[in-house]
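Below is one structure, written out as structure tokens, with a few remarks after it.
The values are calculated or read from the model by the stated rules, or taken from the named source; none is laboratory data. Source: prediction; values computed, not measured. All Cβ positions, glycine included, derive from the backbone under ideal geometry; neighbour counts span all protein chains shown. Please note that ligands, DNA and RNA were not included when accessible areas were found on the heavy atoms of the full protein model with its side chains. Shrake-Rupley method; radii C 1.70, N 1.55, O 1.52, S 1.80 Å.
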Amino acid sequence: MSAPASGIAVLISGRGSNLRAILESPAGAHVSAVLSDNPDAAGLRVAAAGGKDAFIVAPEDFSAASEWADKLAETLAAVAPKIVALAGFMRILPPPLVRALAGRAVNIHPSLLPQFPGLNTHARALAAGAREHGCTAHYVSEKVDGGEIIARRKVPVLPGDDAESLAARVLAAEHKLYPQVLLELLKK
Ligand code: GRF
């Protein structure tokens, strides 16, 4: 019989600042594993510094996308997390995995969804003349950045902002919002 699902698995691809914020928060104690699709992700060092097991499941190590998808699902099944938290995971989760994880996989996105799904959110918010911007924690669904919204955190767009200054303000908001949301979801 398999163990009951518990804890959080965090999926990363890059720098891992959200992972760091999670690990430094009360949610950090509940992180049971980190998975990266990128062997060079700086976030792997964040995981190691936090004493967390890290698994690399990189598409280039497989001859077919379906093999990568199978390995990802197998690795997650072995970890058996209650919550799967995407934190800068830059790949679309395979649809069968999204369905298997319905209601348990969440993502942090750097805009006030449903505004600005996808990439380059800060430049797009500035180009649209937005007066406020922010971040959204949402459930993962087959529609990218389109799953049910769990919580949002707003920041102002200030005169003189460029994409970089706005990104930094939003990132700080992500670091506050995401750990809180994950802890709440664990309690459910
Ligand atoms: C964050 O802005 C997050 O909202 C987006 O990807 C970025 C990841 O940053 N999904 P980090 O790797 O957590 O520093």
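Values computed for the structure shown
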item: Any chance residue 161 is among the charged types (D, E, K, R), open to solvent by 10 Å² or more (accessible area, probe 1.4 Å) and either in contact with a Pro (Cβ under 9 Å, 6 or more places away or on another chain) or at positive phi (or both); result: no
item: Filter result for the condition that a residue is modelled with pLDDT of 95 or more and part of a helix (DSSP H, G or I), over 112, 186, 158; result: 186
item: Residues of the stretch 121-148 satisfying the condition of being buried (at least 21 other Cβ atoms within 10 Å of the Cβ) and among the aliphatic types (A, V, I, L, M); result: 125, 137, 140
item: Near pairs, Cβ below 7 angstrom, 6+ apart or cross-chain, from the stretch 16-43 (assigned to a helix (DSSP H, G or I)) to any residue that is open to solvent by 50 Å² or more (accessible area, probe 1.4 Å) and near the ligand (Cβ under 9 Å from one of its atoms); result: 17/175; 18/175; 21/175; 43/15
item: Flag for residue 64 being touching a residue at least 12 places away in the same chain (Cβ under 8 Å), open to solvent by less than 60 Å² (accessible area, probe 1.4 Å) and among the small types (Gly, Ala, Ser); result: no
item: Residues of the stretch 175-185 that turn out to be away from the ligand (no atom under 11 Å from the Cβ) and open to solvent by 30 Å² or more (accessible area, probe 1.4 Å), as a count; result: 4
item: Among residues of the stretch 115-155, those that are in a loop (DSSP other than H, G, I, E, B) and not aliphatic (A, V, I, L, M), counted; result: 14
item: Matching entry among 100, 5 (being farther than 23 Å from residue 177 by Cα, modelled with pLDDT under 95 and surrounded by 13 or more Cβ atoms within 10 Å (Cβ to Cβ)); result: 5
item: Residue among 54, 27, 49 that alone is buried (at least 24 other Cβ atoms within 10 Å of the Cβ), of a type in the set (Gly, Ala, Ser) and more than 9 Å from the ligand (Cβ to nearest atom); result: 27
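Table: residues versus (1) open to solvent by 80 Å² or more (accessible area, probe 1.4 Å); (2) more than 26 Å from residue 31 (Cβ to Cβ).
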| residue | (1), (2) |
| --- | --- |
| 84 | no, no |
| 92 | yes, no |
| 112 | no, yes |
| 116 | no, yes |
| 150 | no, no |
| 167 | no, no |
| 173 | no, no |
